[in-house]
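Just so it is clear, none of the values below were taken in a lab; they were calculated from the coordinates. All figures in this text were calculated on a predicted structure; none of them were measured in a lab. As a convention, Cβ positions derive from the backbone with ideal geometry for all residues, glycine included, and neighbour counts pool all protein chains shown.
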């Protein structure tokens, strides 16, 4: 079974600075996808970025980039130039390609951006 | 494009009562998901529909939870009878066929069982 680990305590980040959120995963399947979602206080989950296990390059989407280190089984999210609106919970998730297609989430990282 | 709609947004019930949640996915999305998110945790999948058929309900407590998706569009999730540990946010999400990696979530229903 797949497992996602997010263990960082809540983080305070200065506006305009970069922040890295750690995520490690565990799976025996060779083909899988890694996701990051943002959950603001309003409650909805917002898809940020996706990385496939066979992708050669790290995924990037605007200010979001994923530092994918396959051998270490880590998929850290980097948010550059933090904005006040980035204050939220951030969840790492994984889904194996051949299986039940279930998306498994970590417990999340709390980020607060301060001016 | 309208997003995933859910209602109600908040619900407070007493234990042993029943409750139902409603979800309307994004138009044309074949796959619909119900998640349970307990405070301080990530969402946990309860049930996944492909059109009106169940793909995965292995984590649904079937003795008290039920869900249906008639006509492959709207879906309802029911809890009967509710327990204190069912207090959580219930999230509905949908994705289009062939784009399962990008799930679009609704605002959720916050359930408090007293």
Fill in: Virtual spin-label span in nm between residue B:71 and residue B:15, 7 Å along Cα→Cβ
3.9
Worksheet item: Relative to a virtual label point 7 Å from the Cα of residue B:84 in the Cα→beta-carbon direction, which members of the stretch B:1-21 show backbone nitrogen distances below 20 Å?
Response: B:11-19
Item to complete: Specify the residue with the greatest mean-square fluctuation among B:28, B:40, B:72, computed from a Gaussian network of chain B linking alpha-carbon atoms under 10 Å apart.
Response: B:40
Fill in: Mean projection area, nm², convex hull over Cα of the protein assembly as shown
12.8
Worksheet item: How large are Rg and Dmax for chain A when only the alpha carbon atoms are used, in Å?
Response: 13.7, 44
Worksheet item: When only alpha-carbon atoms count, how far does chain B stretch along each of its three principal axes, as whole angstroms with the largest first?
Response: 40, 25, 24
Response to the item:
Here the percent of antiparallel bridges among DSSP beta bridges lying wholly in chain B, to the nearest 5, is 90
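Ranking A:77, B:60 by Cβ neighbours within 10 Å, fewest first, what do you get? Don't skip to the end; give the middle numbers.
Working: A:77 28, B:60 19.
Ranked by crowding around the Cβ, least crowded first: B:60, A:77.
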